[in-house]
Amino acid sequence: MKQLILISSLLLCRIIGFSQPSNDNCENALPVTINVDLNCTSLVSGTLLGATASPQSQASCSGSEDDDVWFSFVATNSTHYIELSNIVGNTTSIYHSVWTGTCPSLTLYSNSCSYSSSSAVHGLTIGTTYFIRVYSSITGGAPNTTFDVCIKTPPAVSNDECSNPVSVAINPI
Ligand SMILES: [Ca+2]
Ligand SMILES: [Ca+2]
């Protein structure tokens with residue numbers, strides 16, 4: 001009986017206190033379904049509780065990437081907006097960045113270090129998988145922060161290419 005209690009206690013400790021998020025490393029990044037518009041109809045919840053440093057550089061952006069977790073998305077547009085919302089926990093200062101490549105050999109996507117809860121990513125290749133790295137700005141501190149990740153798509157512009165110009169009427173003088 002004592003053994004059973006001990007084993008149960010250890011198991012509970014592991015579940016409550018020491019388990020890492022499933023997406024602690026980019027290999028198990030949580031896929032995020034992209035919203036076709038500017039609404040966050042689809043979103044994925046994340047947590048930093050128990051997150052540990054990943055093999056990727058911890059000096060790629062400002063803040064301390066010592067407690068990062070990973071999400072992924074397949075671009076459906078050349079521009080997407082990333083939004084972190086419902087940020088709750090002992091620190092609400094969380095940063096994010098976008099990465100490309102194949103885990104664990106990822107490269108930081110240019111100009112993607114974001115120090116606010118939302119960012120715009122331009123020049124994406126449709127059909128390519130990108131990774132979002134989310135972490136707290138603080139070093140250590142065992143953040144227990146939870147948040148939602150939403151990826152949005154700006155509306156299409158009909159005259160994006162010169163082959164579809166918008167006619168402009170000329171006013172008579
Ligand atoms: Ca990690
Ligand atoms: Ca941190």
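The values are calculated or read from the model by the stated rules, or taken from the named source; none is laboratory data. Values in this document were obtained by computation on a predicted structure and should not be read as measured data. Positions of Cβ are generated from backbone atoms using ideal geometry, with glycine treated the same way; all protein chains shown enter the neighbour counts.
Considering only region 63-84, how many residues are within 16 Å of ligand 2 (Cβ to nearest atom), out of contact with any Cys (no Cβ under 7 Å at 6 or more places or on another chain) and of a type outside the set (D, E, K, R)?
So the count comes out to 4.
Would a scan of region 109-130 turn up a residue that is on the phi < 0 side of the Ramachandran plot and touching a Gly at 6+ places or on another chain (Cβ under 6 Å)?
no
Please go through region 110-159 and give me each residue that is hydroxyl-bearing (S, T, Y), surrounded by 14 or more Cβ atoms within 10 Å (Cβ to Cβ) and under 13 Å from the mean Cα position of the chain (by Cα), ordered by number.
Within region 110-159, S112, S114, Y115, S117, S119, T129, Y130, Y135, S136, T146 meet the criteria.
Go through the residues of region 137-144 one by one and say whether even a single one is assigned to a strand (DSSP E or B) and at pLDDT 95 or above.
no
Given (1) part of a loop (DSSP other than H, G, I, E, B); (2) crowded, with 18+ Cβ neighbours inside 10 Å; (3) within 16 Å of ligand 1 (Cβ to nearest atom), identify the lone condition not met by N35.
Failed condition: (3).
Condition first: touching a Leu at 6+ places or on another chain (Cβ under 9 Å), surrounded by fewer than 16 Cβ atoms within 10 Å (Cβ to Cβ), more than 18 Å from S45 (Cα to Cα) and at pLDDT 95 or above. Can you find one or more residues in region 79-101 that meet it?
Yes, because at least one residue in region 79-101 is touching a Leu at 6+ places or on another chain (Cβ under 9 Å), surrounded by fewer than 16 Cβ atoms within 10 Å (Cβ to Cβ), more than 18 Å from S45 (Cα to Cα) and at pLDDT 95 or above.
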